[in-house]
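None of the figures in this text is laboratory data; all of them are computed from the coordinates on show. As the structure is a computational prediction, the values presented were derived from the model and not from experiment. Counting neighbours? That spans all protein chains shown, and the Cβs are built from the backbone with ideal geometry, glycine included.
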Amino acid sequence: MPPALGDTLRVLRPAPHIRAFYDGRVPGVRLHSAAPNWLDDGAYEAGIASYAVINAGSALIYDTNISLAHARLIRRTLEAEGVRHMIVVLSHWHDDHVAGTAAFADCEILASRRTAEILAEKRADLESGDPPIKPLILPTRTYEGECGLAVGALQVRLIQVDVHSCDATVVRLPDGILLAGDTLEDPVTYVDEPGRLAAHLVDLARMADWDITRILPNHGAEETIASGGYGKEFIYATMAYIKKLIEISGEVKVNCEDLRSFAAAAFATGAVTYFAPYEAVHRQNVAAVRRAAGWRDAD
């Protein structure tokens, strides 16, 4: 019998003022169903974290995790630490980041304008998915480009970037920590918009110019997140992988290399670590960019 939703959730402390709510990467365990579904295959197997930035009784909650049960646990944990004011920031519209919005229905939910538009467009699909996200609570406030936000006495900056998805929001903290959402993923990015890889590279290069000391992604290795996060090399590793995907998108025929071989340049940075379940992600990425380029490769 699978564990109940939230039973395997771990609370990590990558920095004194940050809590990471991490679940997944538990060998042999599925939470929702033996059949393919977004919760088990798209989030739990890969490992997923959502975050809270805490200051003076206030908290910024960056994404609401993979179920309502998870989100309720997050809220109870923060309340037990004395948090009384909460604001939710959504990194982007994907289901494993918005599944717990109903637990914060009485809070302000902030997202990029594009995230709000996509969630409104896809609300019926998300609420009837497997598992369903019902009710999905839509953002109550939006921004475009950049937005400053106070968390207690802490001033943070929300920045919209076109990486992984066109609506992504990352959060820069004044101490150099970056909450990266799905713009960076260990070991490799999941390609959701294969026609936009060149645009993703532009914004990754922009991120690399920022004064960043540590990076906290939503999908990554638990031990790295717990120890404070990734260095800026994480960005360069992601760029190396995307550049290789762009290269093969222009080739008439490609050999299907395994992840270790294909992403050798990314692994050489030392920023990311091989994780076998990402072999399937890599195969999907290659197929997606090849289809977007108009090739009809054999499965």
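General observations
- Judged by the mean number of other Cβ atoms found within 10 Å, the most tightly packed of the peptides 236-242, 105-111 leads the ranking 236-242, 105-111.
- Take 171-182, 197-208 and order them by the average number of nearby Cβ atoms within 10 Å per residue, most first; the result is 171-182, 197-208.
- Segment 149-254 - Rg and Dmax from Cα coordinates, angstrom: 14.5, 56
- Helix runs (DSSP H) in the chain reaching 15 Å along axis by Cα, Kyte-Doolittle at least 0.0: 68-80, 197-208, 233-249
- Cα pair count fraction exceeding 25 Å, expressed as % - the chain: 45 percent
- Alpha carbon centroid spacing (whole Å) that separates segment 1-64 from segment 84-145: 17 Å
- Modelled FRET efficiency - R0 45 Å, Glu279 with Ala153, Cβ distances, 0.05 increments: 0.50
- Cα convex hull volume per residue for segment 43-103 (Å³): 75 Å³
- Candidate cross-link partners of Lys232 among the aspartates and glutamates, defined by an alpha-carbon separation under 20 Å and a same-chain spacing of 8 or more, comprise Asp162, Asp175, Asp182, Glu185, Asp186, Asp203, Asp209, Asp211, Glu222, Glu223.
- Only Cα sites of segment 141-200 enter the Debye sum here, all with the same form factor; the resulting log10 I(q)/I(0) across q = 0.13, 0.14, 0.18, 0.26 1/Å is -0.39, -0.45, -0.68, -1.09, listed in q order.
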